[in-house]
Structure formats: structure tokens, C-alpha cells
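Worksheet for the structure shown next.
The values are calculated or read from the model by the stated rules, or taken from the named source; none is laboratory data. Worth saying up front: this structure is predicted, and the values here are computed from it rather than measured. Backbone-built Cβ (ideal geometry, glycine too); neighbour counts: all protein chains shown. Quick note on the areas: whole protein, heavy atoms, side chains included, nothing else; ligands and nucleic acids left out. Shrake-Rupley method; radii C 1.70, N 1.55, O 1.52, S 1.80 Å.
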Amino acid sequence: MKIAILGSGAVGGYYGAKLAHAGHDVTFIARGAHLEAIRQNGLSIRSPALGDFIARGRAEEDTRKVGPVDLVIVGVKAYDNATALPMITPMLDHQTSVLTLQNGVDSVHEVAAIAGEDRVIGGTTYIATALSGPGVIEQTGTHRRIVFGEVFGELPRRSGRVSAVHEALADADIQSEAVGDGRVPIWEKFIFLVSLAGFTGATRLPVGPVWTDPFIRQQFLDGCREIEAVARAEGVPVAADRIEQIEAYVGGIPGTMRSSLLIDLAQGKRIEVEALQGSVVRRAATRGVPVPIIATLYAVLKPFADGGSRSA
């Protein structure tokens with residue numbers, strides 16, 4: 001399969017490296033020192049639990065040099081969509097599929113505005129990786145899971161192209177799960193992630209102190225319930241026990257865990273507040289669903305959307 005990775009950072013780069021290592025024709029879309037490092041030395045994956053390896057593949061900054069591919073995997077941060085997503089167009093032809101792994105529920109629609117609904121597959125991922133230097137990705141633990149499926153048209157359905165992508169991912173030692181309705185895993189992660197990122201970001205604390213305080217824990221879960229209500233108002237059949245699943249999951253993760261939004265915030269980088277909390281507020285307003293907790297978190301985090309410090 002001919003594959004292009006749009007956003008070859010910690011997440012996209014990792015999956016691209018796994019696919020290249022398995023023998024697929026992978027082109028990494030990157031820029032700057034990271035681009036040059038991949039060209040000169042390949043993309044190095046350091047994984048104490050699964051083993052280190054170096055993946056070789058083309059690396060380009062200009063997608064016009066790539067040409068049509070079978071699959072585009074979108075791994076850029078959502079705040080870069082305005083400039084990054086138009087780069088998909090030169091890589092499209094009649095059989096190209098575009099799998100987005102971005103955080104948030106807006107991504108599939110934003111990608112479809114560029115590529116067309118008929119090309120888009122929606123997915124979400126569970127992985128702990130970091131870009132430790134140009135051309136080097138470090139993985140913590142063993143999670144490398146992608147859950148994905150069709151998101152437009154008649155649902156649920158398992159299409160031939162979803163099955164083909166699933167086989168390619170699974171053969172590359174990626175924990176792949178193809179589902180009949182790709183909206184469901186996207187929203188189920190969103191219900192958790194928006195509250196996690198919001199509370200850890202607003203408090204500037206890892207999840208432990210947030211979760212061990214009974215009042216804050218209740219607000220966290222009530223925030224999840226607000227997002228669940230928006231999902232149901234939009235007709236997405238998320239699990240009936242999703243809140244209980246989240247409660248059990250958070251209770252079992254290390255208290256030192258920090259959301260990626262908190263990490264970016266602490267480093268003065270741009271944050272995905274618009275794709276997360278902002279999206280909930282906008283969608284809730286359209287559906288007439290009250291979301292006071294998430295709206296408050298949005299107000300607290302919104303000044304930091306573009307990075308930097310706003311302290312007095």
C-alpha cells in the first residue's frame with residue numbers, strides 16, 4: 001500500500017514507521033530539522049517494551065512531490081488544520097482514502113471539506129509517544145491502538161476499504177480495531193479527553209490531584225456527562241455505561257499522567273482548546289444542550305490557545 005503520513009510527529013510518525021518497517025511504501029510529510037533527519041538517517045523508534053528500530057521511507061515537505069497515494073493518515077495537531085489539510089489535495093485520486101487520527105470530533109468534517117466525504121475514514125488512537133529530537137520518537141509502554149471506521153453515509157457498515165486498512169495496520173503490528181460506525185469511538189474518547197484535558201489544563205496539575213479530590217472528581221465526571229449529552233443529541237450511539245467506563249479507567253492510571261494539552265500549555269505551545277472544549281460549547285449551543293462545566297473550562301483555557309504566557 002502506498003501511504004502518506006501528514007504530520008510525521010510523535011503519533012503519525014510512529015504509525016508511519018511501523019507501516020514502513022512492515023514493507024509499505026510510506027512517505028513522511030515533515031519539515032525543518034525533523035525532515036532532514038528522516039532523509040539522512042531514517043525515522044528512529046525507541047521502545048524499551050517493544051524494541052527499537054529504524055524505518056526508511058521518503059520524506060517530503062511539499063505534497064505536490066508525493067503524488068497520488070492509496071492512503072493518507074492525518075496526524076497533525078488540530079490547530080494546524082487550516083494550513084495542513086489543503087496539503088492533502090495533491091495526494092488524492094479516485095481510490096485514495098484519508099484516515100484521520102486527530103483529537104476531537106470536528107476533524108472528519110474538516111478533512112471532508114478538502115477531500116470529500118466519500119474518501120474519509122474516521123479514527124482515534126491510544127498511544128504514548130513523544131518526539132525526543134529530530135528523527136527520533138520514544139514510546140512509553142506498549143499501547144499502539146487505532147479504532148476506526150466509516151463516518152459518513154449509511155451507518156453502521158463495514159466497507160471493503162476499512163477492511164483493507166485494518167489488514168495493513170494489523171500486519172504492521174498495530175493494534176487495529178475496525179468498527180461499523182467510526183463516530184462512536186471518536187466520541188467516546190472525546191467524552192473523556194475534553195474533561196481530562198480541561199481539568200488538568202485549568203489546574204496545571206496531573207490527573208492524580210484532580211481525581212483524588214472528591215469534589216473535583218465529581219465535576220470531572222459531570223463534565224463528561226455534559227459531553228455525552230451532546231453526543232446523544234447528535235445521534236451518536238455511545239456506550240450506555242460510558243461514564244462508568246471512564247471512572248474505572250481513570251481510577252487505574254498513574255496519578256502522574258498529564259494530558260497532552262497540559263504538556264503543551266506548560267511549554268508555552270499552542271493548545272487544542274478549540275478542537276476540544278470549544279467544539280463542545282459550539283455544538284451544545286446548536287443543539288440546546290447546557291454545558292456549564294465545559295464552558296467554564298473553555299473560558300479559562302481559551303486565552304492560551306495560541307501559546308505563550310498570559311500571566312499578569
Restricting to region 213-234, give me the number of residues that are open to solvent by 50 Å² or more (accessible area, probe 1.4 Å) and within 20 Å of Phe152 (Cα to Cα). 1
Quick one: which of Val210, Val250, Val289, Val300 is among the aliphatic types (A, V, I, L, M), open to solvent by less than 70 Å² (accessible area, probe 1.4 Å), in a loop (DSSP other than H, G, I, E, B) and out of contact with any His (no Cβ under 6 Å at 6 or more places or on another chain)? Val289
Residue under question is Ala197, and the condition is that it be assigned to a helix (DSSP H, G or I), open to solvent by 20 Å² or more (accessible area, probe 1.4 Å) and not charged (D, E, K, R); does it hold? no
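When region 120-138 is examined, which residues are found to be surrounded by fewer than 22 Cβ atoms within 10 Å (Cβ to Cβ), of a type in the set (Val, Ile, Thr) and within 21 Å of Ile38 (Cα to Cα)?
Scanning region 120-138 gives a single hit, Val136.
Restricting region 166-183 to residues that are assigned to a helix (DSSP H, G or I) and either open to solvent by less than 30 Å² (accessible area, probe 1.4 Å) or touching a Pro at 6+ places or on another chain (Cβ under 6 Å) (or both), which is nearest to Gln277 (Cα to Cα)?
Looking at the filtered set, the residue picked out is Leu169.
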Give region 254-277 a look and list any residue that's more than 16 Å from the chain's Cα centre (by Cα) and open to solvent by less than 30 Å² (accessible area, probe 1.4 Å), or say none. Leu265
Considering region 123-142 alone, what residues qualify as being in contact with a Leu (Cβ under 7 Å, 6 or more places away or on another chain) and small (Gly, Ala, Ser)? Gly123, Gly135
Scan region 265-286 for residues that are outside any loop (DSSP other than H, G, I, E, B) and free of Cβ contacts under 8 Å to residues at least 24 places away in the same chain and report the count. 4
From the list Glu117, Glu154, exactly one residue is in contact with a His (Cβ under 9 Å, 6 or more places away or on another chain), open to solvent by 60 Å² or more (accessible area, probe 1.4 Å) and within 25 Å of Pro237 (Cα to Cα). Which is it? Glu117
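For region 46-61, indicate whether the set of residues that are among the hydrophobic types (A, V, I, L, M, F, W, C) and farther than 20 Å from Gln175 by Cα is non-empty.
Going through region 46-61, the residues among the hydrophobic types (A, V, I, L, M, F, W, C) turn out to be 49-50, 53-55, 59.
Cutting the leftovers down to farther than 20 Å from Gln175 by Cα gives us 59.
Checked region 46-61: at least one residue is among the hydrophobic types (A, V, I, L, M, F, W, C) and farther than 20 Å from Gln175 by Cα.
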Determine if region 57-70 includes at least one residue that is more than 18 Å from the chain's Cα centre (by Cα), small (Gly, Ala, Ser) and surrounded by 15 or more Cβ atoms within 10 Å (Cβ to Cβ). yes
Whichever residue in region 138-165 is part of a strand (DSSP E or B) and within 26 Å of Pro90 (Cβ to Cβ) and, among such residues, is farthest from the chain's Cα centre (by Cα): Glu150
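Can you say whether Ala20 is in a helix (DSSP H, G or I), in contact (Cβ under 8 Å) with a residue 40 or more places away in the chain, open to solvent by 10 Å² or more (accessible area, probe 1.4 Å) and among the small types (Gly, Ala, Ser), as far as the supplied structure shows?
No, not satisfied.
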